[in-house]
1. What spacing in nm lies between the two simple spin-label points modelled at ALA47 and GLU88, each 7 Å away from Cα in the Cβ direction?
2. How far is helix 32-47 tilted, in degrees, relative to the longest principal axis of the Cα atoms in the chain, given as a value from 0 to 90 rounded to the nearest 10?
3. Multiplying the sequence separation of LYS40 and ASN155 by 0.36 nm and subtracting their Cα-Cα distance, what value in nm do you get?
4. Among all lysine pairs in the chain that are eight or more places apart or on different chains, how many have alpha carbons less than 28 angstrom apart?
5. Give me the number: length gained by fully extending ARG290 to GLU69, i.e. 0.36 nm times residue separation minus the C-alpha to C-alpha distance, one decimal in nm.
6. Need one word for segment 78-208: rounded, prolate or oblate. Basis is the Cα gyration tensor (sqrt eigenvalues a ≥ b ≥ c); a/c below 1.5 gives rounded, then a/b vs b/c decides.
7. So how far apart, in nm, are the two label points at ALA217 and VAL97 if each is 7 Å from Cα heading toward Cβ?
8. Could you work out how far apart the two model spin labels at LYS192 and LYS112 are, taking each label as a point 7 Å from the Cα in the direction of the beta carbon, and quote it in nm?
Amino acid sequence: MTNVRAEKVREVARLATRTGRARSGEFLAEGPQAVREAMKAHIAREAEGKDAVVRSIFATDDCLDRYPEFEEMVAKAPGVRARLVSPEVLAAMADTVTPQGIVAVCVIPEVKLEEVLAAKPRLVAVLCRVQDPGNAGTILRAADAAGADAVVITNGSVDIYNPKAVRSTVGSLFHLPIVSNVALSEAIAALKGQGSTILAADGYGTADLDALQDASAARRTGGKFESAEGDPVLEEPTAWLFGNEGQGLNEDELSRADHRVAVPLYGIAESLNVSTAATVCMYASARAQRRG
């Protein structure tokens, strides 16, 4: 493809907009890493007889010279339409200023909360009004790295299929179930009903994350540690609530949690970025659950 004004080029470019994604049920994955993970997920799901992940791939000659594995992947996925495009066409399709030579049109999955709960998750990240796509994508990536079972994105949060959010996940978007556009009340009720403890990441929380980790280590080794009565147990199934970048969790969101947990600050920083705090909290739970 060499015509930058072709209708197909405009169709792909429209996936950078919320309206375009809503109408098509598709989103755009850009760059070798994201497309590679999308294709791995597609091939695995196709082998299991499940729905497609990738609809089509567009790549330049130069990209395929550098990453010959994509031709092998496409050969294993006959349902994926692959087109060779000029650098100008690729640039017109992509959302980035300096695209990396390959994009994939992917299907927005419809994941229901009941499906996630049926798998008895032990660690879930819940995004409450997280509105920056970079933060949302980084939290999802951290959840994947920590071995979380799912991510729940409540109403009022950014669209995780926004191109910047997709790039920020660095492929993790294709590794774990994501439930989007859920009312917080519904998500909390379902998670509690499934047996999860709801922990709110709150800088003013009365429970101290370091103390909770010390208590977990003491239980594991048979040592003694004086923890506050009623403190949460990190080894138990847990859903973490992470709030808005500027406001944190509001009173309604905090009131729905079983405990409010603070990440201690030992320097003079006023607070942690929400994605950094999320990483620390999820790894604390992951470590306790795996060693418990």
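The values are calculated or read from the model by the stated rules, or taken from the named source; none is laboratory data. Everything numeric here is computed off the predicted structure, so don't read it as measured data. Because the Cβ atoms are built from the backbone with ideal geometry, glycine has one as well, and the counts that use them run over all protein chains shown. Each accessible area value is taken on the protein alone, full model and side chains, heavy atoms only, with ligands, DNA and RNA left out. Shrake-Rupley method; radii C 1.70, N 1.55, O 1.52, S 1.80 Å.
1. 4.1 nm
2. Computed tilt is about 90 degrees.
3. 38.4 nm
4. 17
5. 76.1 nm
6. Prolate, because a/c is 1.5 or more and a/b exceeds b/c.
7. 4.5 nm
8. Those two pseudo-labels are separated by 2.3 nm.
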